[in-house]
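Read-outs throughout are calculated quantities, based only on the coordinates presented, and are distinct from any laboratory measurement. Keep in mind that this is a model prediction, so the values were computed, not measured. For neighbour counting, all protein chains shown are included, and Cβ atoms are generated from backbone atoms with ideal geometry for every residue, glycine included.
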Amino acid sequence: MGRRRGALAAAAAVLALAGCSLLDEPVQPTPRPGGSALVVETDAGLLEGFDHEGVRSWRGIPYAAPPVGDLRWRAPQPAAPWGAVRDATDFGADCLHAPSTVTTPSSEDCLFLNVERPVEADGDLPVLVWIHGGGFVMGSGRSEAADGEAFVRRGVLLVTLNYRLGRLGFLSHPALGPESVNAGLLDQVAALEWVQDNIADFGGDPDRVTVGGSSAGGLSVNTLMASPMTDGLFAQAISQSGLGREPTQTLAEATAEGRRLAAEAGALDAAALRSLDAAEVMTWRLDVFAGQVPVVDGALVTAPVAEIVEAGLEQDVPYLVGSTDLDLEADLLEPLGLDDDARALLRSAGERSLLRAYATPDVVRRHLMADAVFTEPARLLATAHAARAPTWRYRFEVVTPEAFARVGGAPHASELPYVFDGVLPPGAEQHAPGMADVVSDYWASFVTTGDPNLADVVTWPTAEDGALLRLTNAGAVTEPVDPWQRRLDAVRRVVEGRS
């Protein structure tokens, strides 16, 4: 029985005292056009899902109470039980996004998740809980839920979720209490707790939960692995382009920033802050590159991720980690405020030193910050964690000629359609035939067995001594020694102050 499994029984008792019961008559769900209806019992009530194209789905499931009113900036609370069967055939609202990025219905009431599983599979299924990216200011769980059907049909139960974004999810202020500073990450913890309590009812195995994510989702995974609050909530982890050496604010620094933002809005106490228009709060800047998320709060986040992993204090679970070969395009440095950081790296190392490692000025320009922010940190986390648990590192290099001519490599998050075997970029299948199956099969194998390797495919070596698997247009390539080792070593010397 789950940690909150008694909620439905309690609700039924209350209804019975009022003269009705959830158990008076068998539930008769109405079939939906194009598929059959299905009802599942959760801690909070009954859900009606639907079948489509070999996938069984339940969408828009509340995993926590709406974080509105007095619950704004508080740790997520359990969702209230509902009486009638809840329709779970449509996505819930996305969490409020940064201004000008909203293309789907969004709301402050947004703590929903989605469950997708194959119709035909029997037994307890391995579970992938996917945390979306978007720099902690945009994104939602609906994209991978809608695009992941081919991945689900490989025998995996997929859970996707929303979590609070922007300053509604990450704000420190003395009037709010300590849980406000990383509220969006606490939402992710609550979703993982919901999975432990409820996923068996959907046919999932709570002992075989993998938490995965890309970009901000990958950073979240690394943070959850390094947190003392998540023990027992997942058995494996996948971090795609999840940084690893990002700057991290102290609670005092975050609080000073929160005081300034609140003062500018004229909100000096908790009541005034919670009465602010949510859309106004979402205009307050939140910058992961400036270390504004996550914050070392002493509870969920006790130290920067790299420090935790190098000290061997993270969870010792199987780990799949990597990046793309151009995870940060040179043309994005100025818009992201990183052009000064790139120049500082050059000055620190001495331009000649980096040129020797990178071979040409053009390679320095295109790859230096991508290596410093994503690729070298992925190598650091992989090699350090490999001393504690099985670890596999990849570098994704699949790119169409058009994309290569435009940006010079495989850009940030470009492996996502291949992982979920979704809609590929135009021309991708022509220039890298079969790679979506290859990548998706590796990931599904990892979720299913804790090891990405399959029979009759290229062996993916574990990450000891810097080994990795390159995913290229020509297929998967085993690299016992990273071909980029020299330049990644140069970057590491710079960022660690040993140039």
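With θ taken as phi - 60° and the coefficients 6.51, -1.76 and 1.60, list the Karplus ³J(HN,Hα) couplings across segment 67-77 in order, rounded to whole Hz; mark glycine and proline as x.
With coefficients 6.51, -1.76 and 1.60, one gets x, 10, x, 5, 8, 5, 6, 9, 4, x, 10 Hz.
Tell me, what is the FRET efficiency for M229 and Q430 to the nearest 0.05, using R0 = 60 angstrom and their Cβ-Cβ distance as r?
Once rounded, the FRET efficiency stands at 0.80.
Over segment 323-499, what is the relative contact order in whole percent, taking alpha-carbon pairs under 8 Å and six or more residues apart?
Relative contact order of segment 323-499: 28 percent.
Angle check, please: helix 183-198 long axis (alpha carbons) against the longest principal axis of the chain (alpha carbons), in degrees 0 to 90, nearest 10.
It works out to around 60 degrees.
Considering only DSSP beta bridges with both partners in the chain, what is the antiparallel share in %, to the nearest 5?
In the chain, approximately 40 percent of DSSP beta bridges are antiparallel ones.
Give me, ordered by chain and number, the residues 5 or more places off L326 or on other chains with an amide H under 5 Å from its own placed amide H.
HN-HN under 5 Å from L326: A410.
In debye, nearest 20: dipole of segment 275-321 around its Cα centre with unit charges on the Cβ of K, R (+) and D, E (-)?
My answer is approximately 80 debye.
Taking amide H positions as placed 1.01 Å from N in the peptide plane, with prolines and chain starts having none, which residues 5 or more places from S106, or on another chain, fall under 5 Å of its amide H?
For S106, whose amide H was placed from the backbone, the distant partners under 5 Å are D94.
At a Förster radius of 60 Å, what calculated FRET efficiency corresponds to the Cβ-Cβ distance of R365 and A80, to the nearest 0.05?
Once the sixth-power term is evaluated, E becomes 0.65.
Using 20 Å as the cut-off for backbone N distance, which residues of segment 477-499 belong to the label zone defined by a point 7 Å from the Cα of T459 along Cα→Cβ?
Flagged as within label range: 477-483.
Once the Cα atoms of helix 435-449 and of the chain are each reduced to a long axis, what angle between those two axes, in degrees from 0 to 90 to the nearest 10, is obtained?
Roughly 60 degrees, rounded to the nearest 10.
Segment 1-317: D in µm²/s via Stokes-Einstein (Kirkwood Rh, Cα pairs, 4 °C, 1.567 mPa s)?
D, rounded to a whole number, is 64 µm²/s.
How much of the DSSP beta bridge set in segment 323-499 is antiparallel, as a percent to the nearest 5?
Counting DSSP beta bridges with both partners in segment 323-499, the antiparallel share is about 45 percent.
Roughly how many debye, to the nearest 20, is the charge dipole of the chain about its Cα centre, given +1 on each Lys and Arg Cβ, -1 on each Asp and Glu Cβ, and no other charges?
1020 debye
Could you work out [θ]222 nm for the chain from helices alone, using -39500 (n - 2.57) per DSSP H run of at least four and dividing by all its residues? Round to the nearest 500 deg cm²/dmol.
So the calculated ellipticity at 222 nm is -9000 deg cm²/dmol.
Using Cα-Cα distances under 8 Å and only pairs 6 or more residues apart, what relative contact order does segment 304-427 have, in percent?
Normalised by residue count, the contact order of segment 304-427 is 43 percent.
Compute the signed sum of charges (Lys and Arg +1, Asp and Glu -1) over the other residues within less than 12 Å, Cβ to Cβ, of A463.
Once all neighbours under 12 Å are counted, the net charge is 0.
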